[in-house]
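Taken together, the values in this text are just the output of simple stated rules run on the coordinates, not laboratory data. This is a predicted model, so every value here is computed, not measured. Don't worry about glycine lacking a Cβ; one is built from the backbone with ideal geometry, like all the others, and counts go over all protein chains shown.
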């Protein structure tokens, strides 16, 4: 049986939301760094061929900002993802490292190349020829995009493992069904972010008149042209998603549909402004407007990442690990021996627990619920269940994957389920002490019947249309 890992308690903040916040910031910075390389190559080429007399000033000023953000903030938030992920879902990150450690090692070599090429350009470009400077920028851009290439394969595998499920071959998992649409879509996002940041930076370059700024902005806007491909790439990605995941996004889950529409709406707004204002009318864009568009792009990135993460439910890695961190094949065994039998970690509110049953329920909550829920804060279980009586609560949790198809099945004994119910009720009753609990064998027998009726697999909807099921 796999090891038990505690989930860190962030108070009223949902642990998954903490990790998502760090991840979204990192993704935004990293994608900007990739697109920034393309933009720098383009402007270096404009400068060395004499196509724009102001391009050289842009390259020298823009890259300093790119370097600071991508190498410092990007690196820090990258470490932050590892730090938070092992506190929240160690089982998930462990499976990813176990299966793709060589891919990650390869990505890190490209990241090192990116740093070396970028630093050499920053440190020595004024002493180098234009051709040599461009060569360094191309090397930086290639290394940055290859870093995206390798990471994209791992992230897309979480949603669409494809033939890897049967073969367990690295290449099948890496080049999975959503690999190419995700890679191309992310590349377009990278170019768009770089273009928008470029428009902001142009307004910060001193001693440039409006005509000079307009000429640079119109050049930077060229990198937004690939946005015309976004509808086709987005449709391709949706088509590559499993049927249940697609249904969550397109209306099955109101939250996921809302974030999907935020992402689409923000992208349409940016694309519409770029098409009408920057490409057709060749307008000047001031710093405030450029910053507003960049904030819209951040919103689109956040919405897209929320959808990518949420659409995997009830899994964190499809067919491999549930969102609770429990492996699907272990559910039946945990129904017999208990999900927290081998859990040696104390809970944060252990001294306040009025009896062993409530304490057991607190451990079950941490093991099976705490990744995606708090008790009374964000996505709080107490608020979600406050209108249920004890019987309804027992039934709904016992048949959890049928109550909510994007939830994993309950993975514990009837005693653990009843303890979880009483822990929730204790919280709803404002944590009284004493809090009496009387074991009722008839209730436990009924819970066992409900658990048997629900089965140990994910909901039928979560497996609809799939050729393989665990």
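Take 128-136, 298-306 and order them by the average number of nearby Cβ atoms within 10 Å per residue, most first; the result is 298-306, 128-136.
Helix 15-48 and the longest principal axis of the Cα set of the chain meet at an angle near 10°.
Multiplying the residue separation of residue 392 and residue 235 by 0.36 nm and subtracting their alpha-carbon distance yields 52.5 nm.
The coefficient of translational diffusion for the stretch 178-318, derived via Stokes-Einstein from the alpha carbon Kirkwood radius under 25 °C and 0.890 mPa s, stands at 153 µm²/s. Tell me, what is the percent relative contact order of the chain, built from C-alpha pairs under 8 Å that lie six or more residues apart? The value is 18 percent. Between residue 448 and residue 276, the distance separating the two model label sites (each 7 Å from Cα on the Cα→Cβ line) works out to 6.7 nm. With a ≥ b ≥ c taken as the square roots of the eigenvalues of the C-alpha gyration tensor of the stretch 155-228, please select rounded if a/c is under 1.5 and otherwise prolate if a/b is larger than b/c or oblate if it is not? Prolate, because a/c is 1.5 or more and a/b exceeds b/c.
Considering the stretch 309-407, its Cα convex hull presents a mean projected area of 7.2 nm².
Across the stretch 1-93, Cα pairs under 8 Å and at least six residues apart give a relative contact order of 46 percent. When Rg and Dmax are taken over the Cα atoms of the stretch 272-346, they come to 23.4, 69 Å.
As an equivalent ellipsoid, the stretch 1-107 spans semi-axes of 39, 16, 8 angstrom, where each value is the square root of five times an eigenvalue of the C-alpha gyration tensor, largest first. For the pair residue 342 and residue 435, label points projected 7 Å from Cα toward Cβ lie 2.9 nm apart.
So the label point goes 7 Å from the Cα of residue 82 along Cα→C-beta, right? Which residues of the stretch 105-141 then have their backbone N under 18 Å from it? Flagged as within label range: 105-116. In plain terms, the chain from residue 243 to residue 104 could stretch by 47.1 nm, reckoned as 0.36 nm per residue minus the Cα-Cα distance. Take every pair of alpha-carbon atoms less than 8 Å apart whose residues are at least six positions apart; their mean separation over the length of the stretch 330-454 yields a relative contact order of 36 percent. The stretch 5-59 has equivalent-ellipsoid semi-axes of 44, 9, 6 Å, by the square roots of 5 times the alpha carbon gyration tensor eigenvalues, sorted largest first.
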